[in-house]
Amino acid sequence: MRHFDVETLTPGRWRNGGGTTREIASRPTGAEDFGWRASVADIDRDGPFSAFGGVDRTLTLLAGNGVLLTSPGVFERLPAHEGQPVTFSGDLPLSAELPGGGCRVLNIMVRRGHWTARVEPVTDRVMPPSGHAGVLYVLRGRWQTGQDGHVLASGQGLWWDEGDEAPGAGVAPASPDAVALWADLTPTR
């Protein structure tokens, strides 16, 4: 398992200038044709979302008052609320509206036909399955890794690849207010 702190990840500006992205992990590393990718995006203003053909996306609001996603003829104003994942096709032409100002989201993208993603809020111990990849992002409280005893706080987390050995003890809440997002990434091949 690899630890991360979002505030130490280098932000990259979007081509349209509407926000920045901090990449947590991408597999294979540096590939334009990634199998899966996890990042945190800061959305600064209303505007279009980049299309990702052949990719399924899951956005989860981390901070801010929400983002409303619109794709004419497919869905209108699908709201994203804090900690509630929203899954959609990366093929869709999307625009985003920020009724309450800027926001931050966890963005999980998987190559359709090669990976599937299940993202959910968790408050109990997480036991990553063998052969799966994944990301755990701390929303609130503290979490402790069973493998090395590392304590994670809000905005921190860890990720693992499908070939990594699954830790026997997993990751457990270390405070009563502990809430995290767990993205379980499953290869389909």
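We did not get these values from a lab; they are worked out from the coordinates using the rules stated. Because the structure is predicted, anything quoted here is derived from the model rather than measured. Counting neighbours? That spans all protein chains shown, and the Cβs are built from the backbone with ideal geometry, glycine included.
Quick rundown of the values:
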quantity	calculated
Mean separation of Cα contacts under 8 Å (6+ apart) over length of the chain, as relative contact order %	22
Assigned charges on the beta-carbon of Lys, Arg, Asp, Glu; the chain dipole about Cα centre (debye)	160
Candidate values (i) 46, 37, 28; (ii) 42, 36, 29; (iii) 48, 33, 30, label of the one derived for Cα extents along the principal axes in Å	(i)
Phi to ³J(HN,Hα) by Karplus 6.51 cos²θ - 1.76 cosθ + 1.60 over the stretch 59-69, Hz, x for Gly, Pro	9, 9, 5, 9, 7, x, 9, x, 10, 9, 9
